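Accompanying notes for the structure given below.
The values are calculated or read from the model by the stated rules, or taken from the named source; none is laboratory data. A quick note: this is a predicted structure, and the numbers were derived from the prediction, not measured. A quick note on method: Cβ atoms are made from the backbone with ideal geometry, for glycine too, and the neighbour counts reach across all protein chains shown.
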């Protein structure tokens, strides 16, 4: 006797089990049917899913972040030391006039001792009279501006080093670097700047007191003027023009002219100042601005006018006054 099949529909001659698909675990993976087990596709396969890894302690992340930050902090520290060092950089500006073609055999009509301290963004300048009577190694006593000339005659290219040594020996200040400028190209530099505005304290050279715009030719005449005045008067002109030029170059409105100015300067200047020093000193000049440039000429009362046996008008230095003055300015 046939038994009632719970899966058989009433009135049906065909009995067929109703297949129900078992509920599958959400992480289960179904194997395809196999010939040996036709029900395999309905068999859930349990896959072991490992629990999430335990979170790392916060200290590990902090240590990792600190290790990653060390190179950045080191770079920032080095840049700070580089740009804001309290160490002063001393250099000697030498202006030479019309040397014979292909040579640098010329006296230094301009000698300016410069000290730049990036940290304090202060620039100090001291003009040295060209007629100062000092010992010149190998040539006895002579004007200080002849040191460069005699050295270039003896050995071309040695003039700047000879001028540096004479300044170091007499003024007792270390001067490792120099910048030498040929006045023959000075006009082109000023013209590349678009001229320079100079604030005259009094009427001079046919120009009124106050702001006067000078082109290259006028600027050169201004710094070389010797009519009716002595070397101290000429040095004050040179300092005033140099300070005015620096003040103009650091203005953002003049930055578009910098490529032309650099091109003109490269033609008439040479220096032993390392390239890596240029950005640091340039930033110091920008930070100092016109008010931060402390410019002086050697005071007249620190010298004594004198006529040599050869009839030359020179200046005898009073070292007992000069050396304390230099020490106060440059700290040496």
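In this structure, is residue 306 touching a strand residue (DSSP E or B) at 6+ places or on another chain (Cβ under 6 Å) and either surrounded by 15 or more Cβ atoms within 10 Å (Cβ to Cβ) or touching a residue at least 40 places away in the same chain (Cβ under 8 Å) (or both)? It would help to see each step written out before you state the result.
Details: touching a strand residue (DSSP E or B) at 6+ places or on another chain (Cβ under 6 Å): yes; either surrounded by 15 or more Cβ atoms within 10 Å (Cβ to Cβ) or touching a residue at least 40 places away in the same chain (Cβ under 8 Å) (or both): yes.
Yes; evaluated as a whole, the condition is true for this residue.
What strands (runs of 3 or more DSSP E) completely inside the stretch 100-158 contain at least 1 residues that are within 28 Å of residue 277 (Cα to Cα)?
Numbers: elements: 108-117, 122-127, 133-135, 141-143.
Counting at least 1 such residues, we get 108-117, 122-127.
Hey, among 169, 230, which residue is closer than 30 Å to residue 327 by Cβ and out of contact with any helix residue (DSSP H, G or I) (no Cβ under 9 Å at 6 or more places or on another chain)? Full working, then the answer.
On the way: 230 fails: out of contact with any helix residue (DSSP H, G or I) (no Cβ under 9 Å at 6 or more places or on another chain).
So the residue among 169, 230 that is closer than 30 Å to residue 327 by Cβ and out of contact with any helix residue (DSSP H, G or I) (no Cβ under 9 Å at 6 or more places or on another chain) is 169.
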Q. What single numbered condition from (1) under 23 Å from residue 324 (Cα atoms); (2) touching a residue at least 12 places away in the same chain (Cβ under 8 Å) fails to hold for residue 182?
A. (1)
Q: Return the pairs, sorted by first residue and then second, in which the second residue is modelled with pLDDT under 75 and assigned to a strand (DSSP E or B), the first residue lies in the stretch 78-100 and is on the phi < 0 side of the Ramachandran plot, the beta carbons are less than 6 Å apart, and the residues are 6+ apart or on different chains.
A: none
Q: Within the stretch 251-263, track down each residue that is in contact (Cβ under 8 Å) with a residue 40 or more places away in the chain and either touching a strand residue (DSSP E or B) at 6+ places or on another chain (Cβ under 6 Å) or part of a loop (DSSP other than H, G, I, E, B) (or both).
A: none
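Considering only strands (runs of 3 or more DSSP E) fully contained in the stretch 173-238, which possess at least 2 residues that are surrounded by fewer than 18 Cβ atoms within 10 Å (Cβ to Cβ) and modelled with pLDDT of 90 or more?
Numbers: elements: 177-182, 196-200, 210-214.
Hits in the stretch 173-238: 196-200, 210-214.
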Q: Within the stretch 138-184, count every residue that is closer than 17 Å to residue 96 by Cα and in contact with a strand residue (DSSP E or B) (Cβ under 7 Å, 6 or more places away or on another chain).
A: 16
